[in-house]
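Asker: Okay, handing you the structure first.
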Amino acid sequence: MQEKIQKEKSRVILLSIFSNLVLVIVKLSIGLMTGLISIVAEALHSANDLLASLVAYFGVRGSLKPPDRDHQYGHGKIEMVTGWIENILILLVGAGIIYEGVRKLIKGSHAEMVEIGIGVMILSGVVNWFISVFLIKKGKELRSVGIEVDGEHLRADVITSAGIAAALIVMKFTGWKWLDPAGAIFVGIWVLGIFFRLSSTLLHH
């Protein structure tokens, strides 16, 4: 029974890995093509989610191993350790995004094809909303910290995607180029907020 549950956890996380991989490729391609640093920041955010999903996947796979001489009660705690690894990744990515946003704000933005960027952010938000709801629900059902944390990552993407889309819409109609790097800084601050919230969650498990 326990092995069946662990295998279901693996399948759920594989869905997250696939969706994150697609979103990273799309966001990074569009961000580099348009010069929109806020979308590049969102691509890094999604790349962090992808790495987190991979860490969670291998954590779940590791917890499938039966007890041995060194782990007499099994390998279940591996999932908790990988949850902390995911959270450290969030901290590093958040700090890096803020740094790049500030640098671009000082240097100036030369973005173009803003409409494409808006469309990508809206699409990303919708996709991540459905997948995050599914992951968080499954995480609770399967009592998996790794899957819940993964779902929280994607839920954060929904908020940041909406914020970036709104900023780009305003920029489109006003010509305020500073909104692009400001949007990237917003993403970075939001990511750091997720780090602190998830730290609290992990400490209480």
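Asker: Going by the conditions given, is Leu135 modelled with pLDDT of 80 or more, over 16 Å from Ile37 (Cβ atoms) and under 17 Å from the mean Cα position of the chain (by Cα)?
Answerer: yes
Asker: For region 129-138, does any single residue satisfy the condition of being over 30 Å from Ser10 (Cβ atoms) and either in contact with a strand residue (DSSP E or B) (Cβ under 8 Å, 6 or more places away or on another chain) or not aliphatic (A, V, I, L, M) (or both)?
Answerer: Checked region 129-138: no residue is over 30 Å from Ser10 (Cβ atoms) and either in contact with a strand residue (DSSP E or B) (Cβ under 8 Å, 6 or more places away or on another chain) or not aliphatic (A, V, I, L, M) (or both).
Asker: Are any residues in region 14-40 touching an Asp or Glu at 6+ places or on another chain (Cβ under 7 Å), assigned to a helix (DSSP H, G or I) and open to solvent by less than 10 Å² (accessible area, probe 1.4 Å), and if so, which ones?
Answerer: Within region 14-40, Ser16, Asn20, Lys27, Thr34, Ser38 meet the criteria.
Asker: Separate question: Kindly indicate the residue of region 151-162 that is more than 16 Å from Ser199 (Cβ to Cβ) and not aliphatic (A, V, I, L, M) and also most open to solvent (accessible area, probe 1.4 Å) among those meeting that condition.
Answerer: Out of the qualifying residues, it is Arg155.
Asker: For region 128-146, check the following and say yes or no: at least one residue is acidic (Asp, Glu) and either outside any helix (DSSP H, G or I) or open to solvent by 20 Å² or more (accessible area, probe 1.4 Å) (or both).
Answerer: yes
Asker: Only one of (1) surrounded by fewer than 24 Cβ atoms within 10 Å (Cβ to Cβ); (2) at pLDDT below 85; (3) closer than 22 Å to Ile169 by Cα is not met by Arg11, so which one is it?
Answerer: Condition not satisfied by Arg11: (3).
Asker: Moving on to the next point. Just give me the residues in region 84-121 being within 20 Å of Ile189 (Cα to Cα), of a type in the set (Val, Ile, Thr), surrounded by 17 or more Cβ atoms within 10 Å (Cβ to Cβ) and at pLDDT 85 or above, in sequence order.
Answerer: Across region 84-121, the qualifying residues are Ile97, Ile98.
Asker: I need a count of the residues in region 167-191 that are part of a helix (DSSP H, G or I), among the hydrophobic types (A, V, I, L, M, F, W, C) and surrounded by fewer than 16 Cβ atoms within 10 Å (Cβ to Cβ).
Answerer: 3
The values are calculated or read from the model by the stated rules, or taken from the named source; none is laboratory data. Bear in mind that the values here come from a model prediction, so they are computed numbers and not experimental data. Positions of Cβ are generated from backbone atoms using ideal geometry, with glycine treated the same way; all protein chains shown enter the neighbour counts. Calculation scope for accessible area: heavy atoms of the full protein, side chains included, ligands and nucleic acids excluded. Shrake-Rupley method; radii C 1.70, N 1.55, O 1.52, S 1.80 Å.
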